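The values are calculated or read from the model by the stated rules, or taken from the named source; none is laboratory data. None of these values were measured; they are calculated from a predicted model. Glycine also receives a Cβ, built like all others from the backbone with ideal geometry; neighbour counts cover every protein chain displayed. Each accessible area value is taken on the protein alone, full model and side chains, heavy atoms only, with ligands, DNA and RNA left out. Shrake-Rupley method; radii C 1.70, N 1.55, O 1.52, S 1.80 Å.
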Amino acid sequence: MTIQEQLLLFLLVYTVRFHHADAASHTMDNILDFFPSSQGDGLNIIWAHGVNSHQQLDESLNDDTMMLETDIILRGIGTPNQTDIPVNAHPPATDSDLLTSDFINMTTLTPDKGMKLDFKYLEAVGPTMDIFLQLEDQVNCPLWINADIAKGPNSPKDPVDPVQFINTANSYFNQTVMSLGFTTGWDSSSTEDLYTWTMIFDILQYTYPLDPQPVTYPVRALWSVRSWPKLTWLLGLRETFSITVWTGSSDQVDIQGLVSLRTHGDIRRIFYDLPTVMRDEFLGAMETGDPAPDKKPVSDWENDQWLAYSQGRGNFVFLSTESAGISGPAYRAGYMQSAKKYPAEAGISLVTVQGRVQFVDRYDDPSNEAAIEVFIHSDAIDTADSTIYSEEFNPSSLRLDIRRGGQVTLGSETGIDQTCQIPAAECYTFGLIDRGVDSTGDLEAWVAVATSRDATVADANEGSNCTLALTASEAPDVGDQSFVVVTKSGGSGDIIIEDLSMVTSDPSSARDVVISVINMVIMGLSVWLVK
């Protein structure tokens, strides 16, 4: 076949697929809107799990089930008799009496039913999605496409290749809800008991670029008790993100985790695929208030007070309603810039930038130590400048640098640096006070930094601290007002930035502000009560 013939064939296939993607309806709906009886609450969605036989399908199509979850493999998968015919079965089974084509045909012909297709093998995706192209005229219901694409707690196996899975499914039919989760394992000897920030950032690398396609994250109920702050953080990133809670048959679930997640999350974007007994226990806990939900930490973070600039290509700045994150292997993955300027002249106001940084190990590059950098007296980030993500670029002449290993630097581009060393920790609390530029052009700043603790992990060096003061001459000419800019440098890890705020106060109260900030930093900003 000539190049011209290959191109014509590609265009023909693309045109047909584009047309078919337009023909279906309701496949991307929020299921709460599709099922009005849910009353806008994800807890009221009724699931049938593991619908992998004709008998189970018949029962689910004739009862009050709303969403039918099924597992898809190829008939004879992994045997000499493997075919390209999709069937509904859960490994280690290799066959079923239910063809996927029958499942799709019968479900789409039944009113008020939705589907979640769970793919265990990449090979089954293309043949299954091709069925939708053949039947798309009758596909008028919610359609979730599921695979485990990232490693989760106690992962017993490698995930499905995320790029191939997403690209294959969307190349056939992209009007779906992507249900993208983690490979997990659990028994009484399991050591991992929560979703880590590394896991969250791993999956976001593939899901965050899918906007505006909706994404739901299947999470295991077992770990909600220690992971709910991260799950609500995910919900806070985007309105098209949701959580689907599921459980294993032998999981020992602490209901308090489900109560906390529901209390602090958006009930329209949390769904529960749970056994009846666990669901009833959960409902009882919500009604009686026993157990009570964990308390949510008080925070000064306001995501609408910051602008995000991401480099792309796997490098992102995340502004959640809960806190911020900067992720990616690049030396500078992106920037956060204050949405408003602040007075830069001494005697006008005292500006305090305070927050808490948690380092997230993700990349095997110990020589490229990660750090958070906070710049004051900065110009606005100019995205037209091709050098802004390079190691040489600095948004302003004065910066605070906190490295993963505990080295703290308050420095200027004129070569005047003040440094201190505190014990290496996962988390650090910081407070940076800007007294402004005086009449001689000097800029004065103070900083206090202390080791602090993660929401779940104590640190033996918690509270170790240092303070620095710096007067830098030849301050930058930024006019009467400046921005605050925050970035991650170094490619060895990512960062979570919590409680970040910028506060102005009366310059006459400088001494009291300094004492207050130092005490705040040593105390760790806020008390984290998560188990």
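Which of the residues belonging to segment 202-228 are under 21 Å from N303 (Cβ atoms), assigned to a helix (DSSP H, G or I) and either open to solvent by 20 Å² or more (accessible area, probe 1.4 Å) or in contact (Cβ under 8 Å) with a residue 60 or more places away in the chain (or both)?
L204, Q205, Y208, P209, L210, W228
Consider L109 carefully, then state whether it is within 30 Å of P36 (Cβ to Cβ) and surrounded by fewer than 21 Cβ atoms within 10 Å (Cβ to Cβ).
For L109, the condition - within 30 Å of P36 (Cβ to Cβ) and surrounded by fewer than 21 Cβ atoms within 10 Å (Cβ to Cβ) - is met.
Any idea which residue in segment 270-292 is most open to solvent (accessible area, probe 1.4 Å), counting only those that are farther than 19 Å from T247 by Cβ and either touching a strand residue (DSSP E or B) at 6+ places or on another chain (Cβ under 8 Å) or not polar (S, T, N, Q) (or both)?
Among them, the one singled out is E287.
Output the number of residues of segment 387-421 satisfying the condition of being open to solvent by less than 40 Å² (accessible area, probe 1.4 Å) and in a strand (DSSP E or B).
10
Output yes when any residue across segment 123-145 is under 20 Å from I85 (Cα atoms), part of a loop (DSSP other than H, G, I, E, B) and out of contact with any His (no Cβ under 9 Å at 6 or more places or on another chain), and no when none is.
So far as segment 123-145 goes, no, none of its residues is under 20 Å from I85 (Cα atoms), part of a loop (DSSP other than H, G, I, E, B) and out of contact with any His (no Cβ under 9 Å at 6 or more places or on another chain).
State the number of residues belonging to segment 248-275 that are among the β-branched types (V, I, T) and either at pLDDT 95 or above or out of contact with any Pro (no Cβ under 7 Å at 6 or more places or on another chain) (or both).
Here the count works out to 3.
Matching residues to (1) at pLDDT 90 or above; (2) polar (S, T, N, Q):
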position	(1), (2)
D385	no, no
Y389	no, no
F393	no, no
R403	yes, no
T409	yes, yes
S412	no, yes
T419	yes, yes
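Within segment 71-106, how many residues are in a helix (DSSP H, G or I), open to solvent by 20 Å² or more (accessible area, probe 1.4 Å) and of a type outside the set (D, E, K, R)?
Total satisfying the criteria: 3.
Looking at (1) out of contact with any strand residue (DSSP E or B) (no Cβ under 9 Å at 6 or more places or on another chain); (2) over 29 Å from W223 (Cα atoms), which is the only condition D97 fails?
The one condition D97 does not meet is (1).
Q164 versus (1) in contact with a Ser or Thr (Cβ under 6 Å, 6 or more places away or on another chain); (2) modelled with pLDDT of 95 or more; (3) more than 20 Å from N52 (Cα to Cα): which is the lone unmet condition?
Of everything listed in (1) in contact with a Ser or Thr (Cβ under 6 Å, 6 or more places away or on another chain); (2) modelled with pLDDT of 95 or more; (3) more than 20 Å from N52 (Cα to Cα), Q164 misses just condition (1).
Looking at segment 229-244, is at least one residue touching a residue at least 40 places away in the same chain (Cβ under 8 Å), assigned to a helix (DSSP H, G or I) and closer than 16 Å to N44 by Cα?
Scanning segment 229-244 turns up no residue that is touching a residue at least 40 places away in the same chain (Cβ under 8 Å), assigned to a helix (DSSP H, G or I) and closer than 16 Å to N44 by Cα.
What are the residues in segment 315-342 that are touching a residue at least 40 places away in the same chain (Cβ under 8 Å), open to solvent by 10 Å² or more (accessible area, probe 1.4 Å) and aliphatic (A, V, I, L, M), if any?
Correct list: L319, A330.
Being touching a Ser or Thr at 6+ places or on another chain (Cβ under 8 Å), among the hydrophobic types (A, V, I, L, M, F, W, C) and not in a helix (DSSP H, G or I) is the filter here; which residues of segment 32-70 pass it?
Once the filter is applied, which keeps residues that are touching a Ser or Thr at 6+ places or on another chain (Cβ under 8 Å), among the hydrophobic types (A, V, I, L, M, F, W, C) and not in a helix (DSSP H, G or I), segment 32-70 yields I45, I46, W47, A48, V51, M66, L68.
Please work out which one of (1) touching a strand residue (DSSP E or B) at 6+ places or on another chain (Cβ under 9 Å); (2) free of Cβ contacts under 8 Å to residues at least 40 places away in the same chain; (3) part of a helix (DSSP H, G or I); (4) open to solvent by less than 50 Å² (accessible area, probe 1.4 Å) is the condition R262 fails and give its number.
R262 satisfies every listed condition except (2).
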